[in-house]
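A.B. asks: Could you have a look at this structure, given as structure tokens, before my questions?
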Amino acid sequence: MFKKSFAIITIVCFVFFMQNCTTTKWITAEKLQGSNGKKILQLEMTDGTSIQCKNSLSKGGQVVNDKIVFTLNDGTIKTVSLSEVRMAYVKKFSAGKTILFAAGALAVVLVVLAVSLANGLEDIFIDTSSML
């Protein structure tokens, strides 16, 4: 019982961890100036067009000086001036969410372990005497 519970909790925590330790939001072009650690997923240009910066070749664009650099699907590198961008959809690693999630996951694992220990250690260990 313990092994199945622990495996399920581990899988759920891993999937949740991979999805929720980042923040995505739309920001203005002015806020992109000097942005570090942000991956640009999509751009909305001043003329109303939209450009996808994330694809199979790239995880997103980056700000370099006053330009946004990203890779297109065909492998070519495209550069767009920040003055041409109205809004950008960015993804940023969130340390706060990561710490909260890790603390919550640790608490759940400790509760499952405490319940299993309260029910006896036979749930945790494999009985090898029957294997001989």
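A.B. asks: Residue check, PHE17 against (1) at pLDDT 70 or above; (2) assigned to a helix (DSSP H, G or I); (3) among the aromatic types (Phe, Trp, Tyr), all met but one. Which one?
C.D. replies: (1)
A.B. asks: Looking at (1) at pLDDT 90 or above; (2) polar (S, T, N, Q); (3) surrounded by 11 or more Cβ atoms within 10 Å (Cβ to Cβ), which one does THR49 not meet, given that it meets all the others?
C.D. replies: In the conditions (1) at pLDDT 90 or above; (2) polar (S, T, N, Q); (3) surrounded by 11 or more Cβ atoms within 10 Å (Cβ to Cβ), THR49 misses (3) alone.
A.B. asks: Exactly one condition in (1) touching a Gly at 6+ places or on another chain (Cβ under 7 Å); (2) not hydroxyl-bearing (Ser, Thr, Tyr); (3) not assigned by TED's automatic domain parsing to the domain that holds GLN33 is not met by GLY104; state its number.
C.D. replies: Going through (1) touching a Gly at 6+ places or on another chain (Cβ under 7 Å); (2) not hydroxyl-bearing (Ser, Thr, Tyr); (3) not assigned by TED's automatic domain parsing to the domain that holds GLN33 one by one, GLY104 breaks only (1).
A.B. asks: Among the candidates LYS54, LYS78, LYS39, which residue alone is basic (Lys, Arg), farther than 24 Å from PHE14 by Cα and either surrounded by 18 or more Cβ atoms within 10 Å (Cβ to Cβ) or outside the structural domain of PHE14 (by TED's automatic domain parsing) (or both)? Outline the logic, then answer.
C.D. replies: On the way: LYS54 fails: farther than 24 Å from PHE14 by Cα; LYS39 fails: farther than 24 Å from PHE14 by Cα.
Unique residue meeting the criteria: LYS78.
A.B. asks: Could you please find all residues in region 67-114 being part of a helix (DSSP H, G or I) and within 17 Å of THR24 (Cβ to Cβ)? Steps first, please.
C.D. replies: Of region 67-114, the ones part of a helix (DSSP H, G or I) are 82-84, 95-114.
Scanning region 67-114 gives ALA95, GLY96, LYS97, THR98, PHE101.
A.B. asks: Tally the residues that are under 22 Å from the mean Cα position of the chain (by Cα), over 21 Å from THR22 (Cα atoms) and modelled with pLDDT under 80, restricting the search to region 74-124.
C.D. replies: Filtering region 74-124 down to residues under 22 Å from the mean Cα position of the chain (by Cα) leaves 87-109.
Add one more test, that the residue is over 21 Å from THR22 (Cα atoms), and what stays is 107-109.
From what's left, modelled with pLDDT under 80: 108-109.
Total meeting the criteria: 2.
The values are calculated or read from the model by the stated rules, or taken from the named source; none is laboratory data. What you are looking at is a predicted structure, and each value in this text was computed from that prediction instead of being measured. Cβ coordinates were reconstructed from backbone atoms using ideal geometry, including for glycine residues, and neighbour counts include every protein chain displayed.
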